[in-house]
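Down below is the structure, laid out as structure tokens.
The values are calculated or read from the model by the stated rules, or taken from the named source; none is laboratory data. This one's a predicted model, so the numbers in the text were calculated from it and none came from an experiment. Note that each Cβ is placed from the backbone with ideal geometry, even for glycine, and that neighbours are counted across all protein chains shown.
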Amino acid sequence: MEKIIKLLAKSQYTFTNFARISIFIVMAWIGGLKAFQYEADGIVPFVINSPAMRFFYHNTEKRVLDKNGELIPEYQLFKNPEGRVVRKNIAWHQENGTYICSYILGFVIVSIGLMIFLGIWYPKIGVLGALFTVLMSLVTLSFLITTPEVYVPKLDGDFPSPNYGFPYLSAAGRLVLKDVIMLTAALIIASESASRLIKKRI
């Protein structure tokens with residue numbers, strides 16, 4: 001057991017680099033997918049409801065009546081389920097600026113991931129990448145407050161919905177919550193990179 005403890009203690013830097021590589025894989029993959037229609041459509045509820053990001057879109061303030069005569073945000077009528085392509089929905093997203101926004105976000109995410117990865121060799125770049133990751137994670141976690149779709153809706157069925165609203169996370173909400181891990185890993189990486197920078201100056 002003592003050998004395992006000593007090995008773990010000596011492996012801190014290696015494991016920190018594993019965290020860097022893990023974040024890079026996630027960001028490069030997810031950021032790269034932002035170039036595709038289904039992913040761009042999927043982030044609309046997050047972006048359009050976020051005070052920090054809604055300016056990217058043109059149809060943010062638009063409201064329409066649904067089939068029940070209730071006033072709802074217009075985007076809810078033009079959702080494309082993953083894997084389904086509907087021409088009128090895509091036309092709405094093009095007019096909304098959905099795809100341009102997604103391309104920009106994808107580029108930013110991949111760039112931050114690359115900075116995290118380069119931090120293995122360049123601690124100054126690593127610090128910047130980690131701090132940008134912290135900021136990005138905080139914005140993402142704010143979706144738990146601003147995005148209605150992160151909680152299970154009250155749809156009812158044969159019986160009234162027993163579990164809906166806070167704290168019952170939907171699939172989208174569970175995905176967002178995982179950024180707590182990304183945030184913590186980024187803080188650890190920022191600390192380690194800063195420590196290496198200090199050692200270089202001594």
Notebook entry, point to check: Do we find that Ser170 is among the polar types (S, T, N, Q), over 11 Å from the mean Cα position of the chain (by Cα) and at pLDDT 95 or above in this structure?
Noted result: yes
Margin query: Restricting to the stretch 123-161, give me the number of residues that are touching a residue at least 60 places away in the same chain (Cβ under 8 Å), farther than 20 Å from Ile181 by Cβ and of a type in the set (S, T, N, Q).
Written below: 1
Margin query: Return the residues of the stretch 1-39 that are within 20 Å of Lys178 (Cβ to Cβ) and aliphatic (A, V, I, L, M); say none if nothing qualifies.
Written below: Ala19, Ile21, Ile23, Ile25, Val26, Met27, Ala28, Ile30, Leu33
Item checked: Number of the condition not met by Gly119 [criteria: (1) over 23 Å from Lys67 (Cβ atoms); (2) without any contact (Cβ under 8 Å) to a residue 60 or more places away in the chain; (3) of a type in the set (Gly, Ala, Ser)] -> (2)
Margin query: Take residues that are surrounded by 14 or more Cβ atoms within 10 Å (Cβ to Cβ) and tell me which of the helices (runs of 4 or more DSSP H) falling wholly in the stretch 1-71 contain 2 or more.
Written below: 12-33, 37-42, 44-48
